[in-house]
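None of the figures in this text is laboratory data; all of them are computed from the coordinates on show. The shown structure was predicted, so the numbers you read here are calculated from the model rather than taken from an experiment. Methodologically, a virtual Cβ is constructed for each residue, glycine included, from the backbone with ideal geometry; neighbour enumeration extends over all protein chains shown.
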Ligand code: 5HY
């Protein structure tokens, strides 16, 4: 039987790459409070990685179906959308009863609380326009720069790809050229890199998955719910 004192947090990776979901779930569990259970999942189909607007649009139905499925199972205290493009965030908030946090918003708000300027280091240049839009939406455009390390999302799944070295090099450029005092990692697939990069580079390196888990735990503990001014969505019809 489920422990009634456990807070269950749903962490949805909206792409269909299960190995990435595994690493995301492990990073989330590492920072979760003792009474928190992390439920990490991804849609069974849909884009294997989300690189730009087209993939984003294709990923939304699978994301909503996962939120709906787990919500039917009961006691989800909050949901984290583990994709840095905050894919389907407004629709997810319309569907879910409990708070929903996107990892871009979580990471940017956390960086802002530390003070000073920050730089986002994402994967491919293709993701930059969408992230610039999000920075504007969250009121962060004047505080940050958005950079790409030139790493395809799925290269982060391959230790031989040289992806981490490219991320490291881009962080150095952000420090030297942008005067960044904090770095935000711009992909959920980088979740397990933040601690080590922070120690190595000597500045705070924020990963949105872990930041979102701590924020959602806080909102849930305060008994807060997501606003519905964007419209209430009825539960999705059951798949046949
Ligand atoms: C992410 N794509 O966090 C984004 C990052 C990006 O599949 N997971 C993805 O490149 O926009």
Square roots of five times the C-alpha gyration tensor eigenvalues of the stretch 90-142, ordered largest first and given in whole Å, equal 21, 15, 9
Return the FRET efficiency for the residue pair residue 201, residue 6: r is the Cβ-Cβ distance, R0 is 30 Å, and the value is rounded to the nearest 0.05. 0.25
Debye-sum result for the stretch 164-240 in log10 I(q)/I(0), which assumes one identical scatterer on each alpha carbon, at q = 0.20 Å⁻¹: -0.88
Residues in the stretch 164-200 that a label on residue 112 would reach, taking backbone N under 18 Å of a point 7 Å out along Cα→Cβ: 181-186
Just subtract the alpha-carbon distance of residue 54 and residue 30 from 0.36 nm times their residue separation and send over the number in nm, one decimal. 5.4 nm
Return the tail of the calculated pair distribution for the stretch 9-53, meaning the percent of Cα-Cα pairs more than 13 Å apart. 53
As I understand it, the value is the acute angle between the Cα axis of helix 53-73 and the longest principal axis of the Cα atoms of the chain; what does it come to in degrees, rounded to 10? 40
Can you give the alpha-carbon Rg of the stretch 75-165 over 2.2 N^0.38 Å, where N counts its residues? 1.19
Relative contact order for the chain, counting Cα pairs under 8 Å that sit 6 or more residues apart, in percent: 23
How long are the semi-axes of the equivalent ellipsoid of the stretch 39-88, taking √(5λ) for every eigenvalue λ of the Cα gyration tensor, in whole Å from largest down? 21, 11, 8
Based on the mean of other beta carbon atoms within 10 Å per residue, what is the order of 65-75, 190-200, most packed first? 190-200, 65-75
The chain - Rg (one decimal) and Dmax (whole number), Cα, Å: 17.0, 55
Could you give the distance between the Cα centres of the stretch 199-240 and the stretch 82-98, to the whole Å? 8
For the stretch 130-169, just the Cα atoms, rotate onto the principal axes and tell me the three extents in Å, largest first. 37, 18, 11
Cα-based helix-to-principal-axis angle, 208-221 vs the chain, degrees rounded to 10: 40
Which three numbers, in whole Å and largest first, are the semi-axes of the equivalent ellipsoid of the stretch 104-208 derived from its Cα gyration tensor as √(5λ)? 20, 15, 12
